[in-house]
Amino acid sequence: MTAPLIDRIQASLSAPVDPAVRDYARALGKGAEALAVLFYGSNLRTGSLDGVLDFYVLLPGPVEKGIWPRVSYHERDGLRAKVATMTLATFAEAAKGALRDTTIWARFVQPSALAWSRDPAQRDAVAAAVAEAAKTAARFAVALGPEAGTAEDYWGALFRATYRAEFRVERPGRENDILGVNRQHFAGLLPLALEADGIAFERNGDRLHPKLPATQRDALRREWRRKARLGKPYNLVRLLRASTTFEGAARYAAWKIERHTGVPVTLTPWKERHPVLAAPGVLWRVWRARRAAQ
């Protein structure tokens, strides 16, 4: 790993966050006996505490098998948070592109902040993993993008491909939104990541011409096609698992419904235990309440 990329990632992870976010991350980390806690999402960019804060809690332990991460919903000191939990070892392997998942490296080439870590060694380990995410993303970006183009051309090609591969619906042009609001974060990142990954390129103004051998490009495209074929089924299984294992799912859903419809949802112990079974009845009552209000 080259020093310029690591320095860049460490500076990015040191982005200022609200003290309330750091307190929340510290409580999550210590409560789970974690190694580190990452904070990401729109609240990192805006500095707002409204809505739901997004955290990744990284635990000690080996690379996990099966479906990960485990997702939970928390409320603390008037703040709400969605928390994904996995081992740091799994996070690091996924960031390298060594696993079939695409979400970790595609997500963490985007901005994130290290909101808490157990000690400097864990801080360095997280930075190394996030640097690997940047390298993986850059590698696939130049394989899937044009023969020559701007950094935005390559990042745009990458995010269009990852959105198509995942089980999610994004309006056309969503990749431009990501690049637009995070322009400073992405500025200069692609050349650093390519250099760290040993991929040569020529630069002409703001245009890059990666010197990716045809055999390597073809191999990366084949690898991407395998990942893309598995992407939607894998993420569908992940969503179905989350619907039954998402701790606090009912409280999270009730908050979301009231926030978006103005209709309060009363939770009973049965609804807390069986959010999926309760959903049709809740949605029916919300529809009736909105119809009556109109």
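Before we move on, is Tyr73 among the aromatic types (Phe, Trp, Tyr), open to solvent by less than 40 Å² (accessible area, probe 1.4 Å), in contact (Cβ under 8 Å) with a residue 40 or more places away in the chain and closer than 14 Å to Ala129 by Cβ? When the stated conditions are applied, Tyr73 does not pass them.
What about Ala214, is it over 16 Å from the mean Cα position of the chain (by Cα) and without any contact (Cβ under 8 Å) to a residue 12 or more places away in the chain?
Numbers: over 16 Å from the mean Cα position of the chain (by Cα): yes; without any contact (Cβ under 8 Å) to a residue 12 or more places away in the chain: yes.
When the stated conditions are applied, Ala214 passes them.
Scanning region 90-113 for residues that are of a type in the set (Val, Ile, Thr) and crowded, with 20+ Cβ neighbours inside 10 Å gives Thr90, Thr102, Ile104, Val109.
Residues are listed down the side, and each one gets a yes or a no for (1) over 20 Å from Ala193 (Cβ atoms); (2) not β-branched (Val, Ile, Thr):
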{"site": "Phe55", "(1), (2)": "yes, yes"}
{"site": "Gly78", "(1), (2)": "yes, yes"}
{"site": "Ala84", "(1), (2)": "yes, yes"}
{"site": "Thr87", "(1), (2)": "yes, no"}
{"site": "Thr90", "(1), (2)": "yes, no"}
{"site": "Ala94", "(1), (2)": "no, yes"}
{"site": "Thr103", "(1), (2)": "no, no"}
{"site": "Pro120", "(1), (2)": "yes, yes"}
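Determine whether Trp116 is closer than 15 Å to Ile178 by Cβ and in contact with a Gly (Cβ under 8 Å, 6 or more places away or on another chain). The answer is no for Trp116.
The residues of region 40-68 that are assigned to a strand (DSSP E or B) and either acidic (Asp, Glu) or over 25 Å from Val237 (Cα atoms) (or both) amount to a single one, Asp54.
In region 174-218, of all residues being touching a Ser or Thr at 6+ places or on another chain (Cβ under 7 Å) and assigned to a helix (DSSP H, G or I), the one that is surrounded by the fewest Cβ atoms within 10 Å (Cβ to Cβ) corresponds to Glu195. Of the residues making up region 1-25, those that are exposed (fewer than 15 other Cβ atoms within 10 Å of the Cβ) and more than 21 Å from Ala92 (Cα to Cα) number 3.
Exactly one residue out of Ala25, Ala32 is at pLDDT 95 or above and over 19 Å from the mean Cα position of the chain (by Cα): that is Ala32. For Trp116, the conditions (1) open to solvent by 30 Å² or more (accessible area, probe 1.4 Å); (2) at pLDDT below 95 all hold with the exception of (2).
The C-beta contact set for region 147-170 (first residue open to solvent by 10 Å² or more (accessible area, probe 1.4 Å) and at pLDDT below 95, second residue of a type in the set (Ser, Thr, Tyr) and part of a loop (DSSP other than H, G, I, E, B), distance under 8 angstrom, 6+ apart or interchain) comprises Glu166/Thr102. Cβ-Cβ contacts under 6 Å between residues 6 or more apart (or on different chains), taken from a first residue in region 27-38 that is touching a residue at least 60 places away in the same chain (Cβ under 8 Å) and in a strand (DSSP E or B) to a second residue that is aromatic (Phe, Trp, Tyr) and open to solvent by 10 Å² or more (accessible area, probe 1.4 Å), are listed as Val37/Trp116; Leu38/Tyr56.
Has region 219-229 got any residue that is surrounded by 12 or more Cβ atoms within 10 Å (Cβ to Cβ) and within 18 Å of the chain's Cα centre (by Cα)?
Our first condition is that a residue be surrounded by 12 or more Cβ atoms within 10 Å (Cβ to Cβ); within region 219-229, this holds for 219-221, 223-224, 227-229.
Now narrow it down to the ones that are within 18 Å of the chain's Cα centre (by Cα): 227-228.
The answer is yes; a qualifying residue exists.
The values are calculated or read from the model by the stated rules, or taken from the named source; none is laboratory data. These numbers come from a predicted model, not from an experiment. All Cβ positions, even for glycine, are placed from backbone atoms using ideal geometry, and neighbour counts span all protein chains on display. Ligands, DNA and RNA are excluded from the accessible area calculation, which covers all protein heavy atoms including side chains. Shrake-Rupley method; radii C 1.70, N 1.55, O 1.52, S 1.80 Å.
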